[in-house]
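In what follows, a structure is listed as structure tokens, so that the remarks can point back to it.
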Amino acid sequence: MRAVIILPTLLLLATLSGGVSALAQESINVRIHPDPNSTLIGKLSSLSLAVTADWPKNTKPVSGWRPIHYRGDFLVYLDSQDIGKNFLPIPGSRYLISPRSDADILTIATDLDKAEIISIDPRFFHINLETIVLGYIRDYSAPPTPKTKPNAVRTEVPKQPKSVIDSGQSFEGILVSASYLESTRSGYKFKLINSDNETIAYVDHSKLSDTEPLTNFVNTRLTAWGTIDDNTNENSIVLRIKMLRKKN
């Protein structure tokens, strides 16, 4: 973790530009809670950039919403008592949306955060934070749950093959070779991109079956199943794939 004190007069704060509806897929609101009235913490330029996350433990999923991993720069507040030696946020401290002890918690401090102190107050420190947080977007692909009518005939839905269920989350994109510079910094030779050539995640194929070589999927649009992890070297997301399938 690194912390730098910056004079407020020298800091240029960037604000998120306005967007259009998620249905148009030009800009998708990312909120701190699965609630349209909750705090807006960022925007996605495309739905293909949404990296699906699991619902928090002991949290009941909310219909019409999807949790995602969202990387961004955030303006947050930290209780002055949670600043340790050398002005470093103490791991486990709460990054707050506003300078109030009862404010929404954006995320919890770790020793890997990139935190820059903007201003110092006797009660709260104002901080520019770069990290990955859990956010929520509207999931328009999920149909509303129909109400069961009395004496309605139940239809059995075929179960998914266990191999697909065990393969984790699914991601769609185009598999390409990473540049030499990217490969050197990240340690991965391939990455998944969207139609706008934006990187979705670097690809770790060490767990992929040897049935079909990964090179057979390069420069093709596909669906990948796997799990995600942070790449601290490249400050990006790594997709550890377990199964691939080309899109028709």
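The values are calculated or read from the model by the stated rules, or taken from the named source; none is laboratory data. As the structure is a prediction and not an experimental result, all values here were calculated from the model. Heads up, the Cβs are rebuilt from the backbone with ideal geometry, glycines too, and the neighbour counts pull from every protein chain shown.
Assorted remarks:
- Answer residue from segment 209-229, given it is aliphatic (A, V, I, L, M) and in a strand (DSSP E or B) and is nearest to the chain's Cα centre (by Cα) among those: Ile228
- One residue stands out in segment 67-107 among those that are of a type in the set (Asp, Glu) and out of contact with any His (no Cβ under 9 Å at 6 or more places or on another chain): the one that is farthest from Pro122 (Cα to Cα), namely Asp73.
- Looking only at segment 213-230, and only at residues there that are farther than 20 Å from Thr52 by Cα and in contact (Cβ under 8 Å) with a residue 24 or more places away in the chain, the one that is surrounded by the most Cβ atoms within 10 Å (Cβ to Cβ): Phe217
- Residues of segment 43-101 satisfying the condition of being touching a residue at least 40 places away in the same chain (Cβ under 8 Å), farther than 28 Å from Thr227 by Cβ and of a type in the set (S, T, N, Q): Ser80, Asn86
- Strands (runs of 3 or more DSSP E) contained entirely in segment 97-179, each with at least 1 residues that are at pLDDT below 85 and either outside the structural domain of Leu75 (by TED's automatic domain parsing) or in contact with a strand residue (DSSP E or B) (Cβ under 9 Å, 6 or more places away or on another chain) (or both): 114-120, 169-177
- Any chance Asp104 is touching a residue at least 12 places away in the same chain (Cβ under 8 Å) and surrounded by 14 or more Cβ atoms within 10 Å (Cβ to Cβ): yes
- Hey, Thr52 modelled with pLDDT under 90, of a type in the set (S, T, N, Q) and exposed (fewer than 13 other Cβ atoms within 10 Å of the Cβ) or not: no
- When the residues of segment 180-208 are filtered to those that are assigned to a strand (DSSP E or B) and without any contact (Cβ under 8 Å) to a residue 24 or more places away in the chain, the one that is surrounded by the fewest Cβ atoms within 10 Å (Cβ to Cβ) is Ile193.
- Residues that are modelled with pLDDT of 80 or more, farther than 25 Å from Ala224 by Cβ and in a loop (DSSP other than H, G, I, E, B) are absent from segment 14-22.
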